[in-house]
Amino acid sequence: RLQSIPHLSEILLAPTKRARMAIAQVLSAAERSVAEGAQHLEHAARAISDPALSARLSGILAESDETKALVVGRAERMRAIFSAVAGCSSYAPPLKTEELSELSTVMSGHRQRFWSMLYSFPVAAAERLSVLHRSLSGELDLQHAVFMRRGDTRSVDDLHCEARLALSRVPVQPGELGPPVLTAFNPGLGDALSRLPGLPEDLLELSTLIVEKARRMASLAGNSCAELTALEAELGGSAGATPGNIAAMIEARDAYLIIKSYIFASAVRYANKTANQKAQSLPPHHRDDAFQGARIGLLRAVERWEPSAGRRFATYAINWILQGFGHESQVSQSFVHIPDYAKPVYNHLRELDLRTVGEVELAKLAEAHGLLPETVESVRALAGRIGSIDNQGPGLSLALPDTRTPAPHRDSLAGESKELADLLLAALSPREQHLLRLKFGLAEGNGSLSLREVGLRMGISYERVRQLEARALERLRSRFRSLQ
(Lines give C-alpha, C1' and ligand atoms only; values in the text may rest on other atoms or scores of the structure.)
Protein backbone atom coordinates (compact mmCIF):
# COMPACT_ATOMS: atom_id res chain seq x y z
CA ARG A 1 0.00 0.00 0.00
CA LEU A 2 2.82 2.41 0.88
CA GLN A 3 4.72 1.55 -2.31
CA SER A 4 1.77 2.62 -4.45
CA ILE A 5 1.58 6.12 -2.91
CA PRO A 6 3.17 8.66 -5.31
CA HIS A 7 6.25 10.46 -4.03
CA LEU A 8 6.10 14.21 -3.54
CA SER A 9 8.57 14.68 -6.39
CA GLU A 10 6.28 12.73 -8.74
CA ILE A 11 3.41 15.05 -7.87
CA LEU A 12 5.54 18.14 -8.43
CA LEU A 13 6.87 16.93 -11.77
CA ALA A 14 3.57 15.71 -13.27
CA PRO A 15 3.53 17.97 -16.36
CA THR A 16 0.46 16.84 -18.31
CA LYS A 17 -3.21 16.57 -17.47
CA ARG A 18 -3.11 12.82 -18.06
CA ALA A 19 -0.22 12.34 -15.61
CA ARG A 20 -1.99 14.41 -12.96
CA MET A 21 -5.22 12.44 -13.39
CA ALA A 22 -3.28 9.19 -12.96
CA ILE A 23 -1.74 10.42 -9.70
CA ALA A 24 -5.11 11.64 -8.44
CA GLN A 25 -6.68 8.25 -9.18
CA VAL A 26 -3.89 6.40 -7.36
CA LEU A 27 -4.27 8.59 -4.28
CA SER A 28 -8.07 8.30 -4.33
CA ALA A 29 -7.79 4.50 -4.51
CA ALA A 30 -5.26 4.52 -1.64
CA GLU A 31 -7.58 6.68 0.47
CA ARG A 32 -10.48 4.27 -0.09
CA SER A 33 -8.29 1.23 0.59
CA VAL A 34 -6.93 2.68 3.83
CA ALA A 35 -10.43 3.65 5.04
CA GLU A 36 -11.84 0.18 4.26
CA GLY A 37 -8.88 -1.54 5.91
CA ALA A 38 -9.29 0.56 9.06
CA GLN A 39 -12.98 -0.41 9.27
CA HIS A 40 -12.19 -4.15 8.97
CA LEU A 41 -9.50 -3.88 11.64
CA GLU A 42 -11.86 -2.08 14.02
CA HIS A 43 -14.54 -4.80 13.55
CA ALA A 44 -11.94 -7.52 14.13
CA ALA A 45 -10.65 -5.79 17.28
CA ARG A 46 -14.13 -5.77 18.79
CA ALA A 47 -14.68 -9.45 17.96
CA ILE A 48 -11.36 -10.77 19.37
CA SER A 49 -11.21 -11.62 23.07
CA ASP A 50 -7.68 -13.11 23.21
CA PRO A 51 -5.42 -10.52 24.94
CA ALA A 52 -2.33 -11.48 22.86
CA LEU A 53 -4.17 -11.21 19.57
CA SER A 54 -5.85 -8.02 20.72
CA ALA A 55 -2.48 -6.41 21.53
CA ARG A 56 -1.05 -7.43 18.16
CA LEU A 57 -4.12 -6.07 16.40
CA SER A 58 -3.72 -2.75 18.27
CA GLY A 59 -0.22 -2.41 16.80
CA ILE A 60 -1.59 -3.09 13.32
CA LEU A 61 -4.27 -0.44 13.92
CA ALA A 62 -1.60 2.10 14.90
CA GLU A 63 0.32 1.36 11.68
CA SER A 64 -2.91 1.73 9.72
CA ASP A 65 -3.50 5.15 11.28
CA GLU A 66 0.01 6.26 10.25
CA THR A 67 -0.61 5.06 6.71
CA LYS A 68 -3.95 6.86 6.63
CA ALA A 69 -2.35 10.11 7.82
CA LEU A 70 0.34 9.78 5.15
CA VAL A 71 -2.17 9.17 2.37
CA VAL A 72 -4.44 12.03 3.49
CA GLY A 73 -1.50 14.43 3.81
CA ARG A 74 -0.15 13.47 0.40
CA ALA A 75 -3.60 13.93 -1.17
CA GLU A 76 -3.96 17.39 0.39
CA ARG A 77 -0.48 18.34 -0.83
CA MET A 78 -1.38 17.08 -4.32
CA ARG A 79 -4.53 19.22 -4.48
CA ALA A 80 -2.61 22.31 -3.31
CA ILE A 81 0.14 21.77 -5.89
CA PHE A 82 -2.21 21.06 -8.79
CA SER A 83 -4.31 24.13 -7.99
CA ALA A 84 -1.29 26.46 -7.73
CA VAL A 85 -0.18 28.67 -10.60
CA ALA A 86 2.71 27.13 -12.59
CA GLY A 87 2.52 23.98 -10.47
CA CYS A 88 4.28 25.43 -7.44
CA SER A 89 2.92 27.95 -4.93
CA SER A 90 5.06 30.77 -3.54
CA TYR A 91 4.53 29.35 -0.04
CA ALA A 92 4.48 25.62 0.70
CA PRO A 93 3.90 23.71 3.95
CA PRO A 94 7.08 22.87 5.90
CA LEU A 95 8.62 19.63 4.66
CA LYS A 96 9.28 16.63 6.85
CA THR A 97 12.81 15.25 7.01
CA GLU A 98 12.08 12.30 4.71
CA GLU A 99 10.27 14.53 2.19
CA LEU A 100 13.11 17.03 2.19
CA SER A 101 15.70 14.29 1.69
CA GLU A 102 13.71 12.78 -1.18
CA LEU A 103 13.21 16.11 -2.95
CA SER A 104 16.85 17.11 -2.52
CA THR A 105 18.05 13.81 -3.94
CA VAL A 106 15.69 14.00 -6.94
CA MET A 107 16.64 17.64 -7.50
CA SER A 108 20.33 16.69 -7.59
CA GLY A 109 19.64 14.03 -10.22
CA HIS A 110 17.76 16.42 -12.52
CA ARG A 111 20.37 19.12 -11.98
CA GLN A 112 23.15 16.72 -12.94
CA ARG A 113 21.24 15.77 -16.09
CA PHE A 114 20.74 19.45 -16.88
CA TRP A 115 24.45 20.14 -16.46
CA SER A 116 25.35 17.17 -18.65
CA MET A 117 23.07 18.38 -21.45
CA LEU A 118 24.29 21.96 -21.08
CA TYR A 119 27.98 21.05 -21.31
CA SER A 120 27.29 18.89 -24.37
CA PHE A 121 26.83 22.08 -26.40
CA PRO A 122 30.19 23.24 -27.80
CA VAL A 123 29.80 26.85 -26.68
CA ALA A 124 29.33 25.78 -23.02
CA ALA A 125 31.94 23.01 -23.15
CA ALA A 126 34.57 25.30 -24.64
CA GLU A 127 34.05 27.86 -21.89
CA ARG A 128 34.38 25.21 -19.17
CA LEU A 129 37.39 23.57 -20.79
CA SER A 130 39.08 26.97 -20.84
CA VAL A 131 38.57 27.32 -17.07
CA LEU A 132 39.92 23.81 -16.44
CA HIS A 133 42.93 24.47 -18.67
CA ARG A 134 43.76 27.65 -16.75
CA SER A 135 43.36 25.79 -13.44
CA LEU A 136 45.74 23.01 -14.49
CA SER A 137 48.29 25.60 -15.61
CA GLY A 138 48.21 27.15 -12.12
CA GLU A 139 46.42 30.36 -13.10
CA LEU A 140 43.25 29.47 -11.15
CA ASP A 141 42.52 27.48 -8.01
CA LEU A 142 40.53 24.50 -9.31
CA GLN A 143 39.01 23.74 -5.91
CA HIS A 144 37.40 27.20 -5.88
CA ALA A 145 36.48 27.09 -9.59
CA VAL A 146 34.35 23.92 -9.23
CA PHE A 147 30.98 23.87 -7.48
CA MET A 148 31.04 21.14 -4.80
CA ARG A 149 28.37 20.08 -2.33
CA ARG A 150 29.00 19.38 1.32
CA GLY A 151 29.03 15.60 0.83
CA ASP A 152 31.61 15.70 -1.98
CA THR A 153 34.78 14.04 -0.66
CA ARG A 154 36.99 14.54 -3.73
CA SER A 155 40.44 15.96 -3.03
CA VAL A 156 42.32 18.52 -5.12
CA ASP A 157 44.26 15.70 -6.79
CA ASP A 158 40.98 13.97 -7.69
CA LEU A 159 39.68 17.17 -9.26
CA HIS A 160 42.88 17.65 -11.27
CA CYS A 161 42.69 14.04 -12.48
CA GLU A 162 39.08 14.47 -13.65
CA ALA A 163 39.97 17.77 -15.31
CA ARG A 164 42.78 16.09 -17.26
CA LEU A 165 40.42 13.29 -18.32
CA ALA A 166 37.87 15.84 -19.55
CA LEU A 167 40.52 17.70 -21.53
CA SER A 168 41.82 14.43 -22.99
CA ARG A 169 38.40 13.74 -24.54
CA VAL A 170 39.07 16.43 -27.11
CA PRO A 171 42.12 15.90 -29.34
CA VAL A 172 44.57 18.79 -29.47
CA GLN A 173 46.55 19.53 -32.61
CA PRO A 174 50.36 19.60 -32.26
CA GLY A 175 51.55 23.03 -31.26
CA GLU A 176 48.05 24.19 -30.30
CA LEU A 177 47.84 26.21 -27.08
CA GLY A 178 44.88 26.07 -24.75
CA PRO A 179 41.62 24.12 -25.18
CA PRO A 180 40.60 23.33 -28.78
CA VAL A 181 37.67 24.79 -30.67
CA LEU A 182 34.62 22.49 -30.49
CA THR A 183 31.98 22.14 -33.19
CA ALA A 184 29.98 18.97 -32.33
CA PHE A 185 27.35 18.17 -29.71
CA ASN A 186 29.17 15.73 -27.38
CA PRO A 187 27.14 14.02 -24.58
CA GLY A 188 30.22 12.10 -23.36
CA LEU A 189 32.12 15.32 -22.81
CA GLY A 190 29.02 16.82 -21.18
CA ASP A 191 28.90 13.95 -18.65
CA ALA A 192 32.57 14.47 -17.79
CA LEU A 193 32.22 18.25 -17.40
CA SER A 194 29.02 17.93 -15.34
CA ARG A 195 31.21 16.51 -12.56
CA LEU A 196 33.26 19.73 -12.63
CA PRO A 197 30.53 22.38 -12.94
CA GLY A 198 30.62 26.09 -12.28
CA LEU A 199 28.18 27.93 -10.02
CA PRO A 200 24.51 26.91 -10.58
CA GLU A 201 23.47 30.54 -11.01
CA ASP A 202 26.01 31.05 -13.80
CA LEU A 203 24.92 27.85 -15.56
CA LEU A 204 21.29 28.96 -15.56
CA GLU A 205 22.31 32.20 -17.27
CA LEU A 206 24.39 30.21 -19.76
CA SER A 207 21.43 27.95 -20.55
CA THR A 208 19.28 31.02 -21.26
CA LEU A 209 21.96 32.28 -23.65
CA ILE A 210 22.02 28.93 -25.46
CA VAL A 211 18.22 28.92 -25.81
CA GLU A 212 18.38 32.42 -27.34
CA LYS A 213 21.06 31.24 -29.78
CA ALA A 214 18.84 28.30 -30.75
CA ARG A 215 15.91 30.62 -31.41
CA ARG A 216 18.09 32.83 -33.54
CA MET A 217 19.36 29.80 -35.46
CA ALA A 218 15.78 28.61 -36.07
CA SER A 219 14.85 32.03 -37.47
CA LEU A 220 17.79 31.84 -39.90
CA ALA A 221 17.04 28.27 -41.06
CA GLY A 222 17.17 27.97 -44.84
CA ASN A 223 19.39 31.02 -45.27
CA SER A 224 23.02 30.30 -45.96
CA CYS A 225 24.92 33.02 -44.10
CA ALA A 226 27.96 33.34 -41.88
CA GLU A 227 25.86 33.90 -38.74
CA LEU A 228 23.96 30.62 -39.24
CA THR A 229 27.22 28.73 -39.75
CA ALA A 230 28.65 30.22 -36.56
CA LEU A 231 25.53 29.32 -34.56
CA GLU A 232 25.57 25.75 -35.85
CA ALA A 233 29.18 25.45 -34.73
CA GLU A 234 28.41 26.90 -31.27
CA LEU A 235 25.39 24.60 -30.75
CA GLY A 236 26.99 21.58 -32.38
CA GLY A 237 24.29 20.70 -34.86
CA SER A 238 22.06 21.81 -37.70
CA ALA A 239 18.82 23.75 -37.34
CA GLY A 240 16.94 20.44 -37.57
CA ALA A 241 18.88 18.50 -34.93
CA THR A 242 19.42 21.22 -32.31
CA PRO A 243 15.77 21.70 -31.17
CA GLY A 244 15.67 18.15 -29.75
CA ASN A 245 18.82 18.77 -27.71
CA ILE A 246 17.48 22.11 -26.50
CA ALA A 247 14.16 20.51 -25.47
CA ALA A 248 15.95 17.80 -23.47
CA MET A 249 18.06 20.41 -21.67
CA ILE A 250 15.01 22.57 -20.87
CA GLU A 251 13.08 19.56 -19.57
CA ALA A 252 15.86 18.67 -17.13
CA ARG A 253 16.34 22.31 -16.15
CA ASP A 254 12.64 22.87 -15.48
CA ALA A 255 12.37 19.73 -13.33
CA TYR A 256 15.38 20.85 -11.30
CA LEU A 257 14.00 24.37 -10.84
CA ILE A 258 10.49 23.19 -9.90
CA ILE A 259 11.80 21.07 -7.02
CA LYS A 260 14.27 23.75 -5.96
CA SER A 261 11.47 26.34 -5.90
CA TYR A 262 9.25 24.08 -3.80
CA ILE A 263 12.00 23.46 -1.22
CA PHE A 264 12.63 27.21 -1.10
CA ALA A 265 8.90 27.95 -0.70
CA SER A 266 8.68 25.48 2.20
CA ALA A 267 11.54 27.19 4.09
CA VAL A 268 11.13 30.86 3.14
CA ARG A 269 9.09 31.58 6.29
CA TYR A 270 12.02 30.34 8.34
CA ALA A 271 14.38 32.67 6.44
CA ASN A 272 12.01 35.64 6.89
CA LYS A 273 11.65 34.94 10.61
CA THR A 274 15.41 34.73 11.07
CA ALA A 275 15.95 37.95 9.11
CA ASN A 276 13.17 39.73 11.01
CA GLN A 277 14.89 39.00 14.31
CA LYS A 278 18.07 40.61 13.01
CA ALA A 279 16.50 43.51 11.12
CA GLN A 280 15.23 45.48 14.11
CA SER A 281 18.47 47.46 14.36
CA LEU A 282 18.56 48.36 10.64
CA PRO A 283 17.08 51.55 9.16
CA PRO A 284 13.70 50.84 7.52
CA HIS A 285 14.95 51.65 3.99
CA HIS A 286 17.70 49.00 4.27
CA ARG A 287 15.52 46.14 5.48
CA ASP A 288 14.19 45.05 2.07
CA ASP A 289 17.74 44.53 0.80
CA ALA A 290 18.69 42.62 3.94
CA PHE A 291 15.63 40.36 3.66
CA GLN A 292 16.50 39.72 0.02
CA GLY A 293 20.00 38.73 1.12
CA ALA A 294 18.54 36.22 3.57
CA ARG A 295 16.46 34.64 0.80
CA ILE A 296 19.50 34.45 -1.49
CA GLY A 297 21.33 32.68 1.32
CA LEU A 298 18.45 30.20 1.61
CA LEU A 299 18.65 29.47 -2.14
CA ARG A 300 22.35 28.73 -1.79
CA ALA A 301 21.64 26.41 1.13
CA VAL A 302 19.08 24.51 -0.96
CA GLU A 303 21.72 24.01 -3.65
CA ARG A 304 24.48 22.86 -1.31
CA TRP A 305 22.71 20.82 1.36
CA GLU A 306 23.53 17.12 1.30
CA PRO A 307 21.00 14.79 3.03
CA SER A 308 23.58 12.04 3.48
CA ALA A 309 25.92 14.35 5.42
CA GLY A 310 23.84 13.82 8.57
CA ARG A 311 23.07 17.49 9.24
CA ARG A 312 19.55 18.89 9.46
CA PHE A 313 18.59 21.33 6.73
CA ALA A 314 17.52 24.07 9.17
CA THR A 315 20.85 23.85 11.01
CA TYR A 316 22.76 24.02 7.74
CA ALA A 317 20.62 26.77 6.19
CA ILE A 318 20.81 29.17 9.14
CA ASN A 319 24.48 29.89 8.43
CA TRP A 320 23.79 30.74 4.78
CA ILE A 321 20.75 32.86 5.70
CA LEU A 322 22.71 34.90 8.24
CA GLN A 323 25.63 35.26 5.85
CA GLY A 324 23.40 36.57 3.06
CA PHE A 325 21.54 38.87 5.46
CA GLY A 326 24.77 40.30 6.87
CA HIS A 327 26.32 40.81 3.45
CA GLU A 328 23.36 42.71 2.01
CA SER A 329 22.87 44.81 5.15
CA GLN A 330 26.52 45.89 5.03
CA VAL A 331 26.46 46.61 1.29
CA SER A 332 23.22 48.63 1.49
CA GLN A 333 24.59 50.83 4.30
CA SER A 334 28.03 51.50 2.82
CA PHE A 335 28.78 53.92 0.01
CA VAL A 336 31.75 51.82 -1.18
CA HIS A 337 31.64 48.02 -1.20
CA ILE A 338 34.77 46.47 0.31
CA PRO A 339 35.25 42.68 -0.04
CA ASP A 340 35.19 40.83 3.26
CA TYR A 341 38.78 39.63 2.94
CA ALA A 342 40.02 43.23 2.47
CA LYS A 343 38.04 44.86 5.29
CA PRO A 344 40.71 44.34 8.00
CA VAL A 345 43.28 46.14 5.83
CA TYR A 346 40.80 48.90 4.98
CA ASN A 347 39.83 49.45 8.63
CA HIS A 348 43.52 49.55 9.61
CA LEU A 349 44.30 52.19 6.98
CA ARG A 350 41.21 54.27 7.83
CA GLU A 351 42.46 54.60 11.40
CA LEU A 352 45.62 56.32 10.13
CA ASP A 353 45.98 59.96 9.21
CA LEU A 354 45.37 60.63 5.51
CA ARG A 355 48.94 61.90 5.08
CA THR A 356 50.45 58.74 6.58
CA VAL A 357 48.36 56.29 4.52
CA GLY A 358 50.70 56.72 1.55
CA GLU A 359 53.75 55.95 3.70
CA VAL A 360 52.59 52.46 4.73
CA GLU A 361 54.88 49.64 3.59
CA LEU A 362 52.81 47.43 1.29
CA ALA A 363 54.92 44.28 1.63
CA LYS A 364 54.66 44.13 5.44
CA LEU A 365 50.93 44.92 5.47
CA ALA A 366 50.23 42.35 2.76
CA GLU A 367 52.21 39.69 4.64
CA ALA A 368 50.42 40.47 7.90
CA HIS A 369 46.98 40.00 6.34
CA GLY A 370 47.85 37.25 3.85
CA LEU A 371 47.05 39.32 0.75
CA LEU A 372 48.84 40.21 -2.44
CA PRO A 373 50.67 43.56 -2.51
CA GLU A 374 48.52 44.60 -5.50
CA THR A 375 45.35 44.08 -3.42
CA VAL A 376 46.73 46.13 -0.54
CA GLU A 377 47.72 48.87 -2.98
CA SER A 378 44.14 49.05 -4.30
CA VAL A 379 42.71 49.23 -0.78
CA ARG A 380 45.24 51.90 0.19
CA ALA A 381 44.29 54.02 -2.82
CA LEU A 382 40.63 53.70 -1.85
CA ALA A 383 41.22 54.50 1.82
CA GLY A 384 43.25 57.58 0.90
CA ARG A 385 40.47 59.02 -1.26
CA ILE A 386 37.61 58.74 1.25
CA GLY A 387 37.54 61.37 3.95
CA SER A 388 35.44 64.04 5.58
CA ILE A 389 34.33 66.99 3.45
CA ASP A 390 35.54 69.35 6.18
CA ASN A 391 39.09 68.02 5.72
CA GLN A 392 39.17 68.86 2.00
CA GLY A 393 39.15 72.62 2.39
CA PRO A 394 37.60 75.40 4.51
CA GLY A 395 34.97 76.41 1.96
CA LEU A 396 34.01 73.12 0.34
CA SER A 397 31.36 72.08 2.86
CA LEU A 398 29.79 75.53 2.62
CA ALA A 399 29.67 75.31 -1.18
CA LEU A 400 27.61 72.08 -1.16
CA PRO A 401 23.87 72.66 -0.76
CA ASP A 402 21.95 70.95 2.03
CA THR A 403 18.90 69.51 0.30
CA ARG A 404 17.52 67.83 3.42
CA THR A 405 16.98 70.94 5.58
CA PRO A 406 14.40 73.40 4.17
CA ALA A 407 15.58 76.99 3.82
CA PRO A 408 13.78 79.70 5.90
CA HIS A 409 12.55 81.58 2.83
CA ARG A 410 10.98 78.37 1.53
CA ASP A 411 9.03 77.97 4.77
CA SER A 412 7.78 81.53 4.39
CA LEU A 413 6.72 80.97 0.79
CA ALA A 414 5.05 77.68 1.70
CA GLY A 415 3.03 79.44 4.42
CA GLU A 416 1.88 82.17 2.03
CA SER A 417 0.93 79.60 -0.62
CA LYS A 418 -1.10 77.64 1.93
CA GLU A 419 -2.98 80.79 2.99
CA LEU A 420 -3.78 81.60 -0.64
CA ALA A 421 -4.92 78.01 -1.29
CA ASP A 422 -7.21 78.09 1.75
CA LEU A 423 -8.68 81.41 0.59
CA LEU A 424 -9.46 80.02 -2.85
CA LEU A 425 -10.81 76.70 -1.55
CA ALA A 426 -13.21 78.53 0.74
CA ALA A 427 -15.37 79.29 -2.32
CA LEU A 428 -15.94 75.56 -2.93
CA SER A 429 -18.25 73.07 -1.28
CA PRO A 430 -16.79 70.88 1.52
CA ARG A 431 -16.88 67.87 -0.80
CA GLU A 432 -14.91 69.68 -3.52
CA GLN A 433 -12.43 71.01 -0.97
CA HIS A 434 -11.83 67.51 0.37
CA LEU A 435 -11.39 66.13 -3.16
CA LEU A 436 -8.80 68.75 -4.19
CA ARG A 437 -6.88 68.43 -0.92
CA LEU A 438 -6.55 64.69 -1.52
CA LYS A 439 -5.74 65.06 -5.22
CA PHE A 440 -2.99 67.68 -4.84
CA GLY A 441 -1.58 66.70 -1.43
CA LEU A 442 -2.95 69.69 0.50
CA ALA A 443 -4.26 67.56 3.37
CA GLU A 444 -2.05 67.27 6.44
CA GLY A 445 0.29 64.27 6.31
CA ASN A 446 -0.86 63.12 2.85
CA GLY A 447 0.89 63.24 -0.50
CA SER A 448 -0.87 63.72 -3.81
CA LEU A 449 -3.15 60.84 -4.80
CA SER A 450 -4.28 59.52 -8.15
CA LEU A 451 -7.88 59.84 -9.31
CA ARG A 452 -8.48 56.17 -8.59
CA GLU A 453 -7.08 56.50 -5.04
CA VAL A 454 -9.21 59.59 -4.40
CA GLY A 455 -12.25 57.66 -5.57
CA LEU A 456 -11.52 54.84 -3.15
CA ARG A 457 -11.13 57.32 -0.29
CA MET A 458 -14.42 59.10 -1.09
CA GLY A 459 -16.38 56.03 -2.16
CA ILE A 460 -17.08 57.23 -5.70
CA SER A 461 -15.98 56.11 -9.17
CA TYR A 462 -12.87 57.18 -11.06
CA GLU A 463 -14.95 59.01 -13.69
CA ARG A 464 -16.96 60.88 -11.03
CA VAL A 465 -13.74 62.10 -9.40
CA ARG A 466 -12.55 63.42 -12.77
CA GLN A 467 -15.82 65.29 -13.33
CA LEU A 468 -15.82 66.84 -9.85
CA GLU A 469 -12.17 67.84 -10.19
CA ALA A 470 -12.76 69.57 -13.54
CA ARG A 471 -15.77 71.47 -12.16
CA ALA A 472 -13.92 72.51 -8.98
CA LEU A 473 -10.85 73.72 -10.88
CA GLU A 474 -13.01 75.79 -13.20
CA ARG A 475 -14.66 77.45 -10.20
CA LEU A 476 -11.21 78.12 -8.72
CA ARG A 477 -10.04 79.80 -11.93
CA SER A 478 -13.08 82.07 -11.87
CA ARG A 479 -12.48 82.89 -8.21
CA PHE A 480 -8.79 83.65 -8.84
CA ARG A 481 -9.61 85.98 -11.75
CA SER A 482 -12.04 87.89 -9.59
CA LEU A 483 -9.36 88.44 -6.91
CA GLN A 484 -6.84 89.92 -9.39
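The values are calculated or read from the model by the stated rules, or taken from the named source; none is laboratory data. Computed from a predicted structure; not experimentally measured. Note: ideal-geometry Cβ built from the backbone for every residue, glycine included; neighbour counts use all protein chains shown. Ligands, DNA and RNA are excluded from the accessible area calculation, which covers all protein heavy atoms including side chains. Shrake-Rupley method; radii C 1.70, N 1.55, O 1.52, S 1.80 Å.
With a 1.4 Å probe and every protein chain left in place, tell me how much accessible area LYS96 has, in Å² to the nearest 10. Counting only protein heavy atoms, LYS96 exposes about 120 Å² to solvent.
Of the listed residues TYR341, TYR346, TYR91, TYR270, the order by accessible area with a 1.4 Å probe, largest first, is TYR341, TYR91, TYR270, TYR346.
Label sites at ARG475 and THR16, each approximated as a point 7 angstrom past Cα along Cα to Cβ, lie 6.8 nm apart.
Ignoring everything but the protein chains, give the 1.4 Å probe accessible area of TRP320 in square angstrom, nearest 10. We get 60 Å² for TRP320.
Compare ASP157, ASP152 by solvent-accessible area with a 1.4 Å probe and give them largest first, with all protein chains kept in place.
The residues order as ASP157, ASP152, largest area first.
Just to verify a number: FRET efficiency for ASN272 and LEU204, C-beta to C-beta distance, R0 = 25 Å, to 0.05?
Once the sixth-power term is evaluated, E becomes 0.60.
Note on exposure: MET21, MET78 ranked by accessible area (1.4 Å probe, complete protein assembly) read MET21, MET78, with the most exposed listed first.
Rounded to the nearest 20, the size of the Cβ-charge dipole of the stretch 422-467 about its Cα centre is 180 debye, with Lys and Arg at +1 and Asp and Glu at -1. Local charge for ALA309 was computed over the other residues whose Cβ lies under 13 Å away, with Lys and Arg +1 and Asp and Glu -1, and equals +3.
In the context of the full protein assembly, SER168 retains an accessible surface of approximately 80 Å², using a probe radius of 1.4 Å and ignoring ligands and nucleic acids.
Gain in length, ASP254 to ALA368, computed as 0.36 nm per residue apart minus the alpha-carbon separation, to one decimal in nm? Provide the component values of the computation, followed by the final result.
Values: separation 114, 0.36 × 114 = 41.04 nm, distance 4.78 nm.
Between ASP254 and ALA368, full extension yields an extra 36.3 nm.
Each residue, ARG452 and LYS343, gets one label point 7 Å from its Cα in the Cβ direction; the gap between the two is 4.3 nm. Distance between the 7 Å Cα→Cβ label points at GLN280 and ARG164: 5.8 nm.
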